[in-house]
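The values are calculated or read from the model by the stated rules, or taken from the named source; none is laboratory data. Note that this is a predicted model, so its numbers are computed, not measured. Cβ placement follows ideal geometry from the backbone for every residue including glycine, while neighbour counts extend to all protein chains displayed.
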Amino acid sequence: MSRAGPSPDAGRLTDPELYQGGDPFALYAALRRESPVAWVESTGEHGGFWAVTTHPEVSAIGADPEGFCSSRGILVDEIGTTYDSPPTMMHTDPPQHTRYRRLVQPGFKPSMVRLMEAGVAAKARGLIDAIVPGEAVDIVPVLSVPFPLLVICELLGVDGTLWPRFYEWSEAVIPGESERSAEDRARLQVEMWEYLIGVADERRVAPADDLVSVLATAGGSGGDQLSEAELAMFLIQLLVAGNETTRNLLSGGLAALSEHPAQWAAMRGDRTLVPAAVEELLRWTTPVISFMRTATRPSILRGQDIAEGDPVLLVYASANRDEDVFGDDADRLRIERHPNPHVSFGFGPHFCLGAALARLEARIVLDQLLDRFGGVEPAGTVERTPSSVIAGIRHAPLVFSR
């Protein structure tokens, strides 16, 4: 393969316009071909870092917390930052992470997720029933935003009418998602913390049948329990990660299907394809674009010397289009793809706790839309956020047909 021409500019990986424009994939492909492990110089806004864009290396680093830690930050904006306590469970490594996982895992057991299926389906149905065939609808505010937030309200055991406030709080946490000022975002984050801690305090006194009660009473009386700060940390992570990722999977997935009518028709003709379609949409949309790790020891990646302390950005969205893993059609949406070793849920100890719930939510939405509509088409321009962390979509106008 020819390598003539200028080297790809890995520095653009932090350029908001790359993501707002919606097509970083040409840059990803060029980096995989020419600079799969590329150094990005410090810009003054953040320190320098290595960008890793190939699937085998992204997978290996994600599964190696001893060699590449999370505790020194998971975002480029956090390079050089230290924390007295971790802001999320994702900012921890074993054995601390192992303890957290042990305490919170009971709330995400497959049996717990299965018990939620009827309630999740009812929430999806209530929103989908409002979609009128043949009329343009912005799927983001109508379905993608409220649906996962309503599910999270049920998980937390709180009034579902609170979902708009939860949305504001969540947007305030993710870099590039909100147009609010830094001061306003900080105020909303404090408000979120105080509310969630208040709910947890109530459940410790009077446990109910919800996830907050499971977490607030984990370990039992006198046992190993989450502190107030740890509990708030996890609840904030649940609210933000559990809603942002599913929302953008739905928005991006439905927008993609509207541009690939044959894929929709294939699912209509064979509903057993829906679970595989969910996996392909996870690969295609890659809701979390990238996370960072920090090298804890010297290593070599694709011939590049990585020094201890070097930040390493794992570009999941590029790994999910790696031709050496997914074949020559890696840049094509194919719902029957198998195998499909996408990295959208992470790897190793940091594999997403909410993966089973996210899959359930996506499957239910697809099944109910397929029950009701014969097709879906674009009805306008998809508007994306300028975030280099979350593949956010603000507007996705679609038309569903009978």
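Points to keep in mind about this one:
- Selected residue (criterion: nearest to PRO36 (Cα to Cα)) from residues of the stretch 262-297 that are without any contact (Cβ under 8 Å) to a residue 24 or more places away in the chain and in a helix (DSSP H, G or I): ALA262
- Qualifying residue in the stretch 6-21 (condition: of a type outside the set (Phe, Trp, Tyr), farther than 30 Å from SER251 by Cβ and touching a helix residue (DSSP H, G or I) at 6+ places or on another chain (Cβ under 7 Å)): yes
- Each residue in the stretch 188-229 was checked for being small (Gly, Ala, Ser) and either surrounded by 22 or more Cβ atoms within 10 Å (Cβ to Cβ) or outside any loop (DSSP other than H, G, I, E, B) (or both), and 5 pass.
- Listed by position, the helices (runs of 4 or more DSSP H) contained in the stretch 298-402 that have at least 1 residues being acidic (Asp, Glu) and surrounded by 17 or more Cβ atoms within 10 Å (Cβ to Cβ) are 355-372.
- Selected residue (criterion: nearest to PHE347 (Cα to Cα)) from residues of the stretch 25-81 that are among the acidic types (Asp, Glu) and modelled with pLDDT of 95 or more: ASP64
- The condition (being touching a His at 6+ places or on another chain (Cβ under 7 Å), part of a helix (DSSP H, G or I) and surrounded by 14 or more Cβ atoms within 10 Å (Cβ to Cβ)) is satisfied by just one residue among VAL151, VAL140: VAL140.
- Screening ALA276 against (1) surrounded by 20 or more Cβ atoms within 10 Å (Cβ to Cβ); (2) closer than 30 Å to PHE400 by Cβ; (3) hydrophobic (A, V, I, L, M, F, W, C) leaves a single unmet condition, (1).
- Candidates are the residues of the stretch 41-70 that are closer than 25 Å to THR92 by Cβ and among the charged types (D, E, K, R); the one that is surrounded by the most Cβ atoms within 10 Å (Cβ to Cβ) is GLU57.
- The listed residues are ALA172, ALA136, and the only one of them that is modelled with pLDDT of 90 or more, more than 20 Å from ASP210 (Cβ to Cβ) and small (Gly, Ala, Ser) turns out to be ALA136.
- Residue pairs whose Cβ atoms lie under 6 Å apart, sitting 6 or more positions apart in sequence or on different chains, and linking a residue in the stretch 324-348 that is over 21 Å from GLU259 (Cα atoms) and free of Cβ contacts under 8 Å to residues at least 12 places away in the same chain to a partner that is surrounded by fewer than 19 Cβ atoms within 10 Å (Cβ to Cβ) and among the aromatic types (Phe, Trp, Tyr), do not occur here.
- Given (1) loosely packed, with under 13 Cβ neighbours inside 10 Å; (2) not in a helix (DSSP H, G or I), index of the condition ALA38 fails: (1)
- In the set (1) of a type in the set (Ser, Thr, Tyr); (2) in contact with a strand residue (DSSP E or B) (Cβ under 8 Å, 6 or more places away or on another chain); (3) on the phi > 0 side of the Ramachandran plot, the condition left unmet by THR294 is number (3).
One line per residue, one yes/no per condition, for (1) within 15 Å of GLU361 (Cβ to Cβ); (2) under 12 Å from the mean Cα position of the chain (by Cα); (3) surrounded by fewer than 22 Cβ atoms within 10 Å (Cβ to Cβ):
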position: LEU231; (1), (2), (3): no, no, no
position: ILE236; (1), (2), (3): no, no, yes
position: ALA241; (1), (2), (3): yes, yes, no
position: GLU244; (1), (2), (3): yes, yes, no
position: ALA255; (1), (2), (3): no, no, no
position: HIS260; (1), (2), (3): no, no, yes
position: MET267; (1), (2), (3): no, no, yes
position: THR272; (1), (2), (3): no, no, yes
position: TRP284; (1), (2), (3): no, no, no
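- Meets criteria (of a type in the set (Lys, Arg) and farther than 23 Å from ASN320 by Cβ) for ARG32: no
- Residue in the stretch 279-288 that is among the aromatic types (Phe, Trp, Tyr), within 21 Å of PRO386 (Cα to Cα) and touching a helix residue (DSSP H, G or I) at 6+ places or on another chain (Cβ under 8 Å) present: yes
- Residues (among the charged types (D, E, K, R), under 18 Å from LEU357 (Cβ atoms) and over 21 Å from the mean Cα position of the chain (by Cα)) located in the stretch 88-116: ARG114
- Lone unmet requirement of (1) out of contact with any Asp or Glu (no Cβ under 8 Å at 6 or more places or on another chain); (2) closer than 22 Å to HIS395 by Cα; (3) in contact (Cβ under 8 Å) with a residue 12 or more places away in the chain for GLY126: (3)
- The one condition from (1) without any contact (Cβ under 8 Å) to a residue 40 or more places away in the chain; (2) within 17 Å of the chain's Cα centre (by Cα); (3) under 18 Å from ASP371 (Cβ atoms) that PHE147 does not meet is (1).
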